[in-house]
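Right, one structure below, let's go through it.
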Amino acid sequence: MKLLCYLWGMISQDVIEAAAQRLREAQVQRKPCAPVRELIGEADIDAAYAVQKVNNDLRVAQGAVVVGQKIGLTSLAVQKQLGVDQPDFGLLFADTQVPNGGSLPAALILQPKAEAEIAFVMKSDLVGDITEESVIAAVDYAVGAIEIVGSRVLNWDIRITDTVADNASASHFVLGDVRKLVSEVDFAAVKMQLHKNGSLVSEGVGAACLGSPIKALAWLAQTFADLGTPLKAGDIVLSGALGPMCAGEAGDTFVAQIESFGEISFLFS
């Protein structure tokens, strides 16, 4: 998969590299860092994507394999909280997929949280002007998913540039076993419940994700097409949370129940 190319304004490459290094060191040292907006500001989203690209390129150079994308900030409430009017995105890597029902060491992730959503797997590329109809035609199947997010920024003290720079706070993901054709599901009406250690901690519906996970996928497809790096056949796309995320730690078990998609679960070991 060809990686994205971003342009930014007055912020120097040295500052971009410094912000990227701050995030890398936080991960290596297992110690959250100060917000990178201290370096790149709160409003320059292009600069934030440039920081993201530096670290993602390094991961690929070290052998990591990109398998898809994640969409973040699909909730209007979260957008208002961060003062933005659009979602963001990050890359997914093969070595961050956790088997359904599997385990993941909590120590790998800084300040981990879990959220339940719908994932799509593409069967064809998406180029040109994107419509919901063309997006639907390009999807191979949908599955339920849990995304495990983390923040290298201390206390999740983030604004839009912090999370974008931090690969949209991506960490790991779990895909469910029940595959559905797009035609089989009313995605706006899909109901979700997320349980931690048997207690309900989050619930929501598909409409909470930009009106529908399909609408979120269409936004990402158009964004990538405009960048000249269209979604490709085989790509996995996490379309965004259907309800609030919930913090976890070692010993916690998360189980998501998503209407039509069965159960998706994992254990923080």
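In region 59-85, what residues are polar (S, T, N, Q) and in contact (Cβ under 8 Å) with a residue 60 or more places away in the chain? Walk me through how you get there before you give the answer.
First, the residues of region 59-85 that are polar (S, T, N, Q): 62, 69, 74-75, 79, 81.
Correct list: Q69, T74, S75.
If the requirement is being touching a His at 6+ places or on another chain (Cβ under 9 Å) and aliphatic (A, V, I, L, M), which of these qualifies: I130, I118, I109?
Values: I130 fails: touching a His at 6+ places or on another chain (Cβ under 9 Å); I118 fails: touching a His at 6+ places or on another chain (Cβ under 9 Å).
Within the list I130, I118, I109, the selection yields I109.
Search region 100-121 for residues that are under 29 Å from A188 (Cβ atoms) and pair each with any residue that is assigned to a loop (DSSP other than H, G, I, E, B) and among the β-branched types (V, I, T) when their beta-carbon atoms are under 8 Å apart and the residues are at least 6 apart or on different chains.
Sorted first by the residue in region 100-121, then by its partner, the pairs are I118/V190.
Please pick out the residue among L210, L194, L200 that is under 19 Å from Q69 (Cβ atoms) and either at pLDDT below 95 or in a strand (DSSP E or B) (or both). Can you show your working first?
Numbers: L194 fails: under 19 Å from Q69 (Cβ atoms); L200 fails: under 19 Å from Q69 (Cβ atoms).
Step by step, each of L210, L194, L200 is checked, and only L210 is under 19 Å from Q69 (Cβ atoms) and either at pLDDT below 95 or in a strand (DSSP E or B) (or both).
Sort out for me the strands (runs of 3 or more DSSP E) sitting completely within region 32-113 that have 1 or more residues that are closer than 30 Å to D125 by Cβ and touching a Phe, Trp or Tyr at 6+ places or on another chain (Cβ under 6 Å).
Numbers: elements: 66-72, 88-93, 102-104.
Because the criterion is at least 1 residues that are closer than 30 Å to D125 by Cβ and touching a Phe, Trp or Tyr at 6+ places or on another chain (Cβ under 6 Å), the strands (runs of 3 or more DSSP E) in region 32-113 that meet it are 66-72.
Just give me the residues in region 126-156 being surrounded by fewer than 24 Cβ atoms within 10 Å (Cβ to Cβ), part of a loop (DSSP other than H, G, I, E, B) and modelled with pLDDT of 95 or more, in sequence order.
Answer for region 126-156, where residues must be surrounded by fewer than 24 Cβ atoms within 10 Å (Cβ to Cβ), part of a loop (DSSP other than H, G, I, E, B) and modelled with pLDDT of 95 or more: just G150.
Among the residues of region 250-269, how many are among the aliphatic types (A, V, I, L, M), assigned to a strand (DSSP E or B) and farther than 17 Å from V185 by Cα? Walk me through how you get there before you give the answer.
So in region 250-269, the residues among the aliphatic types (A, V, I, L, M) come out as 250, 255-256, 258, 264, 267.
Right, trim to assigned to a strand (DSSP E or B) and you get 255-256, 258, 264, 267.
Now restrict to residues that are farther than 17 Å from V185 by Cα: 255-256, 264, 267.
So the count comes out to 4.
Looking at G243, G248, which is the one that is at pLDDT below 95 and crowded, with 21+ Cβ neighbours inside 10 Å? Even if it seems obvious, please write down each step before you answer.
Numbers: G248 fails: at pLDDT below 95.
After ruling out the rest, the residue left standing is G243.
Need pairs with beta-carbon distance below 9 Å; first residue touching a residue at least 60 places away in the same chain (Cβ under 8 Å) and within region 230-247, second among the basic types (K, R) and surrounded by 24 or more Cβ atoms within 10 Å (Cβ to Cβ); sequence gap 6+ or separate chains.
Listed pairs, sorted by first residue: I236/K70; V237/K70; L238/K70; S239/K70; G240/K70.
Going by what's in this entry, would V178 be described as closer than 25 Å to A221 by Cβ, outside any helix (DSSP H, G or I), modelled with pLDDT of 95 or more and under 17 Å from the mean Cα position of the chain (by Cα)? Break it down into steps so the answer makes sense when it comes.
On the way: closer than 25 Å to A221 by Cβ: yes; outside any helix (DSSP H, G or I): yes; modelled with pLDDT of 95 or more: yes; under 17 Å from the mean Cα position of the chain (by Cα): no.
Considered against the rule, which asks whether it is closer than 25 Å to A221 by Cβ, outside any helix (DSSP H, G or I), modelled with pLDDT of 95 or more and under 17 Å from the mean Cα position of the chain (by Cα), V178 comes out as no.
Kindly establish whether L4 is more than 21 Å from W156 (Cα to Cα), of a type outside the set (F, W, Y), surrounded by 14 or more Cβ atoms within 10 Å (Cβ to Cβ) and at pLDDT below 95.
On the way: more than 21 Å from W156 (Cα to Cα): yes; of a type outside the set (F, W, Y): yes; surrounded by 14 or more Cβ atoms within 10 Å (Cβ to Cβ): yes; at pLDDT below 95: yes.
When the stated conditions are applied, L4 passes them.
The values are calculated or read from the model by the stated rules, or taken from the named source; none is laboratory data. Only a predicted model underlies this, so the values are computations on that prediction, with no experimental measurement involved. Quick reminder, even Gly has a Cβ in these numbers, built from the backbone with ideal geometry, and neighbours come from all protein chains shown.
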